[in-house]
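Participant: Supplied in structure tokens, the structure appears directly below.
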Amino acid sequence: MEFFLISLLNGVTYGLLLFMLSSGLTLIFSMMGVLNFAHASFYMLGAYFAFQISGHIGFWPALVLAPLGVAVIGMAVERYGLRTVHKHGHVAELLFTFGLAYLIEEAVHLIWGRAPVNYGVPKDLDGTLFMIYGTAFPIYRGFMMLVSVLMLVALYVVLTRTRIGLVIQAALTHPETVEALGHNVPRVFMLVFGGGAALAGLAGVIGGNAFVTSPGMALHVGAIVFVVVVIGGMGSLAGAFIASLLIGLLQTFSVALDWSLGGLFKPMGISFAADSFLGELWNLTLASAAPVLPYLLMVLVLLFRPRGLLGTRDT
Amino acid sequence: MNGAVLRFKPLNVGRYVTWGLFALVLVLAPVAFPQGFAITMMSQMGIWIIFALSYNMLLGQTGLLSFGHAVYSGLGAYFSIHVLNMIGAGAFAFPVTLLPLLGGLFGLLFGVLFGYVTTRKSGVAFAMISLGLGEMVFAASLMFPSFFGGEGGISANRMVGKPFLGITYGPAIQVYYLIAVWTFAAVAAMFALTRTPLGRIANAVRDNPERAEFVGYSTHMVRFLMFALSGFFAGLAGGLSAINYEIVAAESVSAQRSGGVLLAAYIGGVGFFFGPVIGAIVFTFFVVYIAGLTKAWLLYLGLFFMAIVMFAPGGIASIVLMNLNVAKHGLFGRLWKPYGWVAAAGLLAFLGFVAVVEMTYHLSDTGGGTMKLFGLSFEVKSLAPWLAALATLGAGGFLYRLAWNRFRGEWDDIQRIIAEKAP
């Protein structure tokens, strides 16, 4: 029970963080048809900006300033990069963001070095929020949850209750019509791109110190976020939400379980030596297989439901 | 098609000349550059040429953007090196010369296995799935150390079996010629494939999948076949790399490798068959030579790639062909001067940029101290070199804009003349 509750809380926290990333990616994708390969790089930039800013003026200003900084970079990328490439088609756009991810990673190497930086949890949030069956639940996890939920609510309100949200929703499906009605669709695109980047940046600010802030973080998270978007269904926000939680829970639960195929049959007296390939497969624990599970889930979803959980388009 | 001059029935002279020259270059390259590092680099180029061309079977010919192509070359390399070890242990006899073929067959096997799932999608969805599969294989490679060798990888000795005609594959030059022969064969086979009905229909699926379906072809099947065959050639490249390096590590199935082959193919130009050949040569040059000069080589490579994506999406091949077209119409004389100005201004801006990047690197690496750059030695924390570098960059950038506008005007004028000349 203790294990279950703690893992549940951690899994939901991680899932919400993933959703912060995948929501921006999904919005940008469904609106502009651009799969932003550099999305996780914005996540990384958010973490590094927060590290730099919190070193000078503290964590709380960083919580606001770092995402804003990332948003500015995102908007500049859309305005001066993507818009130029747009005429060459979607593949060129995708490749542009792919190259951008390379460049951002190298720029991070250039400025902050190759080793992880010491971006820690702020003192105000260091401590225990409550105890479950003797296990401490840190305040910071609770704070991450709070920020994620607030962001979720804010995103929902902006998309459904404000004017710009309605324009965004309309531009998702009928950009020409929206343009004909006199709205500046390229500017909306730029704002959405910047907003998505800001969400990723915010995720970086609160995720960077909960996990680790290093130049490799973008690649690691980026692949998972893509998996989330594929499982949820390309272009579906609700699908991305469900898939984020699913992957978050899957990863959190699996790392703590040392079940293996071999263990299942051990009571029957069947076992394999550990030094062969089959033996490794046989004795492989769920915990060490954890990194592969999201990808396996993706393959399964693709086999049995190619459009994803809640996807509508079948590309 | 403007091949009328060189068409001489029943022999296609142009084609024989091209392929003859290609073979000649492969044979004579070690004679021209007999240094040890040159041989190593050229061996690497051969492997990358096959790898990049196999990648282009997907991106250029079928329109499939893959971010996980290293899986097939990497697994081909792993199986090859295990077979090599088995031969060494005396489990069975198999000529090392034909080992890449085995690597290719394993690449084909995994191409069939993974390709069946992934090619159900195309476009962006395919790209994401290929990335996910690549990550999956990479993560799995760290889970099964007996097969993948964990962090250290699997090493082997290529000098196994009985020497045939004195070929032991001990000296690097023998390995080079092995790679050269396989490169020639693989390039020829991949070129031949573009001329088959499958190669042609793959182009149709790339350009307009809906119409291809209406004509009666299963786009999934066409993509799947191309994918599997591309896996074969990637595995072949992997088998060659196993022989060449005698070690295969998890890095060979990594996202970096997959990204590398995408960069190589795209820089060269995916719209032309020979584009990735150029790309592979440039890419290897970067990886081997520039990487030896500076730690920031990935930054330069990334910028180069971005410049290609933004301004010359046809790659180096398209730039070469456009200029050849100008030369064919006898108008290249008008371009010498503008090109000179662009190159001079570009060089200035480039030097300034390199100086800024290298100084930043030096600063973040060592936190100060003297550094050497372009033969100058200076204190990196002092203001003067930064000002000089930024001024060079600014001036170069400004002049480049002027030169580029002038070049552009001339270029557009020439293109207009050519367009008017055309019947």
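The values are calculated or read from the model by the stated rules, or taken from the named source; none is laboratory data. Only a predicted model underlies this, so the values are computations on that prediction, with no experimental measurement involved. Methodologically, a virtual Cβ is constructed for each residue, glycine included, from the backbone with ideal geometry; neighbour enumeration extends over all protein chains shown.
Residue by residue, here is whether (1) within 14 Å of another protein chain (Cβ to nearest Cβ); (2) over 22 Å from A:Thr13 (Cα atoms); (3) modelled with pLDDT of 70 or more holds:
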site	(1), (2), (3)
A:Ile224	yes, no, yes
A:Val228	yes, no, yes
A:Gly233	yes, no, yes
A:Ser254	yes, no, yes
A:Leu261	yes, yes, no
A:Ala287	yes, no, yes
A:Val292	yes, no, yes
A:Phe304	yes, yes, yes
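Participant: Something else: Looking for whichever is in contact (Cβ under 8 Å) with a residue 12 or more places away in the chain and farther than 26 Å from B:Val137 by Cα here; the options are B:Ile290, B:Ile243, B:Ile278, B:Ile247. Which one fits?
Facilitator: After ruling out the rest, the residue left standing is B:Ile278.
Participant: Let me ask another. Confirm whether B:Ser43 is under 28 Å from A:Leu35 (Cα atoms), part of a helix (DSSP H, G or I), among the hydroxyl-bearing types (Ser, Thr, Tyr) and more than 14 Å from every other protein chain (Cβ to nearest Cβ).
Facilitator: Judged against the criteria, B:Ser43 is not a match.
Participant: Just need a number here: residues in region A:225-247 that are in a helix (DSSP H, G or I) and surrounded by 24 or more Cβ atoms within 10 Å (Cβ to Cβ).
Facilitator: So the count comes out to 13.
Participant: I've got another one for you. Looking for whichever is assigned by TED's automatic domain parsing to the domain that holds B:Arg408 and either exposed (fewer than 15 other Cβ atoms within 10 Å of the Cβ) or more than 30 Å from B:Glu410 (Cα to Cα) (or both) here; the options are B:Val342, B:Val356. Which one fits?
Facilitator: B:Val356
Participant: Same structure again: Determine whether B:Ala202 is of a type outside the set (Ser, Thr, Tyr), within 23 Å of the chain's Cα centre (by Cα), in a helix (DSSP H, G or I) and closer than 29 Å to B:Met42 by Cα.
Facilitator: When the stated conditions are applied, B:Ala202 does not pass them.
Participant: Mind listing whichever residues of region A:83-118 are charged (D, E, K, R) and either more than 9 Å from chain B (Cβ to nearest Cβ) or in contact (Cβ under 8 Å) with a residue 24 or more places away in the chain (or both)?
Facilitator: Correct list: A:Arg83, A:Lys87, A:Glu93, A:Glu105, A:Arg114.
One line per residue, one yes/no per condition, for (1) more than 14 Å from chain A (Cβ to nearest Cβ); (2) of a type in the set (S, T, N, Q); (3) touching a Cys at 6+ places or on another chain (Cβ under 9 Å); (4) within 21 Å of A:Leu103 (Cβ to Cβ):
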position	(1), (2), (3), (4)
B:Gly271	no, no, no, no
B:Gly275	yes, no, no, no
B:Gly279	no, no, no, yes
B:Tyr300	no, no, no, yes
B:Ile308	no, no, no, yes
B:Ile316	yes, no, no, yes
B:Ala327	yes, no, no, no
B:Ala344	yes, no, no, no
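Participant: Can you find even one residue in region A:80-101 that is under 22 Å from A:Met151 (Cβ atoms) and in a helix (DSSP H, G or I)?
Facilitator: Scanning region A:80-101, I find no residue that is under 22 Å from A:Met151 (Cβ atoms) and in a helix (DSSP H, G or I), so the answer is no.
Participant: From the residues in region B:133-150 that are free of Cβ contacts under 8 Å to residues at least 40 places away in the same chain and within 7 Å of another protein chain (Cβ to nearest Cβ), which one is nearest to A:Phe29 (Cα to Cα)?
Facilitator: Among residues in region B:133-150 that are free of Cβ contacts under 8 Å to residues at least 40 places away in the same chain and within 7 Å of another protein chain (Cβ to nearest Cβ), the one nearest to A:Phe29 (Cα to Cα) is B:Met136.
Participant: Checking A:Ser148 against (1) polar (S, T, N, Q); (2) crowded, with 17+ Cβ neighbours inside 10 Å; (3) within 11 Å of chain B (Cβ to nearest Cβ): exactly one of these is not met. Which one?
Facilitator: Failing condition for A:Ser148: (3).
Participant: I've got another one for you. So B:Gly161 fits all but one of (1) more than 12 Å from chain A (Cβ to nearest Cβ); (2) surrounded by fewer than 20 Cβ atoms within 10 Å (Cβ to Cβ); (3) modelled with pLDDT of 85 or more; what number is the exception?
Facilitator: It fails just one condition, (3).
Participant: If you scan region B:189-219, which residues turn out to be among the hydrophobic types (A, V, I, L, M, F, W, C), in contact with a Phe, Trp or Tyr (Cβ under 7 Å, 6 or more places away or on another chain) and either under 26 Å from B:Gly36 (Cβ atoms) or surrounded by fewer than 21 Cβ atoms within 10 Å (Cβ to Cβ) (or both)?
Facilitator: If the condition is that a residue be among the hydrophobic types (A, V, I, L, M, F, W, C), in contact with a Phe, Trp or Tyr (Cβ under 7 Å, 6 or more places away or on another chain) and either under 26 Å from B:Gly36 (Cβ atoms) or surrounded by fewer than 21 Cβ atoms within 10 Å (Cβ to Cβ) (or both), then B:Phe191, B:Ile201 are the ones that fit.
Participant: On to the next question. Within region A:135-147, does at least one residue satisfy the condition of being at positive phi, modelled with pLDDT under 85, of a type outside the set (D, E, K, R) and not in a helix (DSSP H, G or I)?
Facilitator: Within region A:135-147, not a single residue is at positive phi, modelled with pLDDT under 85, of a type outside the set (D, E, K, R) and not in a helix (DSSP H, G or I).
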